[in-house]
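Some notes on the structure that comes next.
The values are calculated or read from the model by the stated rules, or taken from the named source; none is laboratory data. Because the structure is a prediction, the values reported are computed rather than measured. Because the Cβ atoms are built from the backbone with ideal geometry, glycine has one as well, and the counts that use them run over all protein chains shown. Just the protein is used for accessible areas: all its heavy atoms, side chains included, with ligands, DNA and RNA removed. Shrake-Rupley method; radii C 1.70, N 1.55, O 1.52, S 1.80 Å.
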Amino acid sequence: KILQPRWWLPRSRELPAAMAAVADPVDGIIAEIGSVADLESALPRISIDLRARCAQAQVAGVLERSLRRGVECLATRFPRICFLGKTGSGKTSLMNAILGLPLLPAEDTSVAVTSSVTEISHDPSCQAGQILVSQDACTQEQWEEKKRFLIAILAGGMADTGGVAEEEMKNVARTVLSAACPGIAPEQVQVSTPDCEECQRRLGGRGPSPIISFASAGEVREWLRNRVHLAESADVVQSLLTSKVRIMGHFPCIPRDAILVDLPGLEDSNLLRSSVAERYFSLFCTHAWFCLPKAEGRVLSNRGIARQVRTLARGGNLGNVLMIRTRADEAARKSAASLDREHEDFKQLCKTELQLLNDGRSAPDAEPASSSAGEGPPSTRRRLEDGPNGQQSAEGESRTVSEPASDEVSFIGYILATAAPATEDMEAEIRIDPVLAKLKEVDTQQKELARSLVRSIYADLRTEIARLEEEVMVREEEARRLEGEARRLEEEARLDRERAEEARRQQEQTREEEVRRLEEEAKRLEEESRRQREKVAEAARRRVDEARLQREEARARIMERLRVALAACGEKLQTFRSSMRALTGDQVNAAVVSELRRARPPNGRTLQAVVTSGGMYTSPTRGEFDLIDTFVRAVRIDGRDLPSAFNGLLQDVQRPLHAFDGLPGFLVQAQEFHFRAAQQQINAVTTRGGVIHRAVAGALFWPGGQGASDAAISYAEGQLQRSTRATLQSVADQLAGGLEQALESLRAEAADRLLPPNAENPRTEDSSMCIICHDAPAVGRALFLPCVCSPRPPYACRACIPGITLQCPVCPMCRGRR
């Protein structure tokens, strides 16, 4: 493996030359980037440039993915400049002045006008005068939180009122709950109380917010006044369910990569609106521009300002703080030294609140927090809310309660601004150049961020190229070292091969001599083993022959005794057959006719039922009539009826075999099997469908009409006289034939298993084949089939005999011919 060529050696000589062009300046590309949108449009050019400058496609791909992730991060984390301050501080008027349009509703009073979060951004694609507005509704969870908050206000569970009179808060809560749940007293509303149909309909929609296009700022201001900000008098439900309003248009004074946010006043009498402001900037605010009227003094002793700063500290937003002294015309004589002193007081107040927050204490003038964790206002506890798009905030990491506030506060400074609207007595006074300059600084910072991202990617590229060049040099040095090491190892390998070859030759000679010696020894041992095996085999053959002779003699003795026993059984069987054939049947005919006459009275209906049913009928009044049983019981052999006589015959036939001492087990099992099958012959002849039943049924006939009973009895008597003797002979042949087959099968199986193959006992090669499967030698017959070919030869194998016995109605050899 050391001698194999390295894949990177040919490229290593070309890599430094190919990467030399990376040091070229990239200021041309960076200078064209003025915003994140410009950076996104320049991504294809930058990607092509990266791949052209770097010969390693993998490195260029990694840098390209890093650049795209950075662009995505910048695009989703635009700075949000939140204008904060108490109600009536001029936040909305200042934003209208920045926009250069009377876009947002604003009044020159201390009455709250802004009631929801309003985001304003600059979209260069919008035409001049065109303004796009979208409205986000509350989610179900946010509405339930608001509802719980209002219920807590009515219940008097507010420990921190934010400086608002408790009775005024309760009035607002009653108004809101009455609008949401009409028909129910506000004090009785619970979180689970159903809302009105209008609330449910608006909360039920989960699709994207529709975008409304307006042609002028006046239309937007009127829409906000009627639908959102002043909805307490026009549409309370709309005010409750509005979460945020987005406004996009051609606003050149707003940086392309920044969003201006107009929030409700922090001391709004409607705590729902003030909580909206706190909740928003606690999650999304990046620049806190604090609006404080120039005439406002005594910053340290002003409890309202302290509460507002405390709210900022709770949200972790004491960073990028800018104080805008609004309404500068109202305190024209206030000196710069006073303003500087108040700014220092404001900075000290922020640091004090931040230190108190880090120490886990509250301000001296703050009231204790609500004891109910689930019912307190949003200003007394931190909550994780949904982001601007209704999902978890993706524009910045959400801060939790356990996260300590930063020890540093970035104070941008303070500026003076006047954005007083026109009145009947005076014209509008607009002086916001310092504010626009601060916005310009934010725009410059965003541009620098986008450009810094590109510079960092190219710096990483230069670093990676330098690292690759260093790796190339290290690899070349390592290659030279490995080549020398390979030559040394090759020489050592050659010497080792020569020594190994000499050792192999010596081992081969020694192995050949040892093989010859072992072969001679093996031949000697093989000869001795052969002679020993021949002796052992001869002794084994003698023992086998002796054992075989002994087994054959024992089997011959058993077979001879079995023939004697079977001969005795055959004599008894012939005696039974002769007795059956000697019967005339008169006694049987008399018994059957007598039974028919017993069924005749009183009107012959019972006799008719017996005849039509084939000889077996049970009368509900006369009892049971069974001509087959009468026939069987009338047959007398040696003083016993037919079943008893046949059972006695079976016992007499089995007795010599049971007394046979030393009978092999397989013959015992075969004997039980065959005699059990032969015993079923009595059932075959005495049950419905047997020979007797067919004879009786053939003698029964009901002619009908006058004298039908006498005619039926006469017909039956005549038929029985002609057929009874033949029936008895058929029964005798069937019963005796079954026993003969059992004895013959037993003898054949014993001869097949005990006697060796010879002319007297031929094996399968000389035996006839089974007529059923034609695949095995015939060794037996069915046991109780009606047949006249007695004794019958074997015609079925052992596997097919049970099937013939159970399925075939006649003998397969003679087909039941009589």
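Considering only residues in region 263-291 that are within 23 Å of residue 142 (Cα to Cα) and small (Gly, Ala, Ser), the one that is modelled with the lowest pLDDT turns out to be 269. Does residue 581 satisfy being in contact with a helix residue (DSSP H, G or I) (Cβ under 9 Å, 6 or more places away or on another chain), part of a helix (DSSP H, G or I), open to solvent by 80 Å² or more (accessible area, probe 1.4 Å) and touching a residue at least 40 places away in the same chain (Cβ under 8 Å)? The answer is yes for residue 581.
Kindly indicate whether any position in region 739-759 is modelled with pLDDT under 80 and within 30 Å of residue 600 (Cα to Cα). There is no residue in region 739-759 that is modelled with pLDDT under 80 and within 30 Å of residue 600 (Cα to Cα). Checking each residue in region 651-664 for being surrounded by fewer than 19 Cβ atoms within 10 Å (Cβ to Cβ), closer than 16 Å to residue 570 by Cβ and among the hydrophobic types (A, V, I, L, M, F, W, C) picks out only 660.
Okay, residues lined up against (1) modelled with pLDDT of 90 or more; (2) under 30 Å from residue 55 (Cβ atoms):
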| residue | (1), (2) |
| --- | --- |
| 469 | no, yes |
| 473 | yes, yes |
| 497 | yes, no |
| 505 | yes, no |
| 545 | no, no |
| 555 | no, no |
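In region 118-128, how many are surrounded by 15 or more Cβ atoms within 10 Å (Cβ to Cβ) and assigned to a loop (DSSP other than H, G, I, E, B)?
Of all residues in region 118-128, those surrounded by 15 or more Cβ atoms within 10 Å (Cβ to Cβ) come to 118-123, 126.
Narrowing further to those that are assigned to a loop (DSSP other than H, G, I, E, B): 123, 126.
Going through region 118-128 one residue at a time, the tally reaches 2.
Picking from residues in region 431-446 that are among the aliphatic types (A, V, I, L, M) and in a helix (DSSP H, G or I), the one that is farthest from residue 31 (Cα to Cα) is 435. Looking only at residues that are in a loop (DSSP other than H, G, I, E, B) and at pLDDT 80 or above in region 129-165, which one is farthest from residue 177 (Cα to Cα)? Restricting to residues being in a loop (DSSP other than H, G, I, E, B) and at pLDDT 80 or above, the top hit is 129.
If you go through region 761-777 one residue at a time, how many are among the aliphatic types (A, V, I, L, M) and modelled with pLDDT under 70?
Initially, region 761-777 is screened for residues among the aliphatic types (A, V, I, L, M), giving 769, 771-772, 776.
If we keep only those that are modelled with pLDDT under 70 as well, we get none.
Within region 761-777, residues that are among the aliphatic types (A, V, I, L, M) and modelled with pLDDT under 70 number 0.
The residue that is modelled with the lowest pLDDT, counting only those in region 166-181 that are open to solvent by 20 Å² or more (accessible area, probe 1.4 Å) and closer than 24 Å to residue 192 by Cα, is 172.
Yes/no per residue for (1) open to solvent by less than 10 Å² (accessible area, probe 1.4 Å); (2) charged (D, E, K, R); (3) closer than 22 Å to residue 594 by Cβ:
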{"residue": "668", "(1), (2), (3)": "no, no, no"}
{"residue": "680", "(1), (2), (3)": "no, no, no"}
{"residue": "683", "(1), (2), (3)": "no, no, no"}
{"residue": "689", "(1), (2), (3)": "no, no, no"}
{"residue": "692", "(1), (2), (3)": "yes, no, yes"}
{"residue": "695", "(1), (2), (3)": "no, no, yes"}
{"residue": "703", "(1), (2), (3)": "no, no, yes"}
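Taking residue 791, is it open to solvent by less than 60 Å² (accessible area, probe 1.4 Å) and either at pLDDT 65 or above or within 30 Å of residue 554 (Cβ to Cβ) (or both)? Spell out how you get there, then give the answer.
Numbers: open to solvent by less than 60 Å² (accessible area, probe 1.4 Å): no; either at pLDDT 65 or above or within 30 Å of residue 554 (Cβ to Cβ) (or both): yes.
Taking the combined requirement at face value, the residue does not satisfy it.
Within region 705-731, the set of residues being open to solvent by less than 40 Å² (accessible area, probe 1.4 Å) and under 19 Å from residue 590 (Cβ atoms) comprises 709, 712, 713, 716, 718, 720, 723, 724, 727, 728, 731.
Residues 553, 560, 508: which one is part of a helix (DSSP H, G or I), acidic (Asp, Glu) and farther than 30 Å from residue 746 by Cβ?
On the way: 553 fails: farther than 30 Å from residue 746 by Cβ; 560 fails: farther than 30 Å from residue 746 by Cβ.
Result of the check over 553, 560, 508: 508.
Residues in region 224-262 that are at pLDDT 75 or above, among the polar types (S, T, N, Q) and open to solvent by 40 Å² or more (accessible area, probe 1.4 Å): 226 alone.
As a summary of the residue check, residue 416 satisfies the conditions (1) hydrophobic (A, V, I, L, M, F, W, C); (2) modelled with pLDDT under 85; (3) surrounded by 12 or more Cβ atoms within 10 Å (Cβ to Cβ); (4) more than 26 Å from residue 98 (Cα to Cα) except for the one numbered (4).
Which residues, taken from region 595-619, are in contact with a helix residue (DSSP H, G or I) (Cβ under 8 Å, 6 or more places away or on another chain) and in a helix (DSSP H, G or I)?
Step one: of region 595-619, the residues in contact with a helix residue (DSSP H, G or I) (Cβ under 8 Å, 6 or more places away or on another chain) are 595-597, 599-600, 604, 607-608, 610-611, 614-617, 619.
Across region 595-619, the qualifying residues are 595, 596, 597, 607, 608, 610, 611.
Considering the conditions (1) outside any loop (DSSP other than H, G, I, E, B); (2) open to solvent by 70 Å² or more (accessible area, probe 1.4 Å), residue 589 is excluded by exactly one of them, (2).
For beta carbons closer than 6 Å, sequence separation of 6+ or different chains, a first residue in region 593-617 that is more than 14 Å from residue 711 (Cα to Cα) and a second that is modelled with pLDDT under 85 and basic (Lys, Arg), the qualifying pairs are 606/622.
When residue 625 is tested against (1) assigned to a helix (DSSP H, G or I); (2) surrounded by 13 or more Cβ atoms within 10 Å (Cβ to Cβ); (3) not β-branched (Val, Ile, Thr), only condition (1) is not met.
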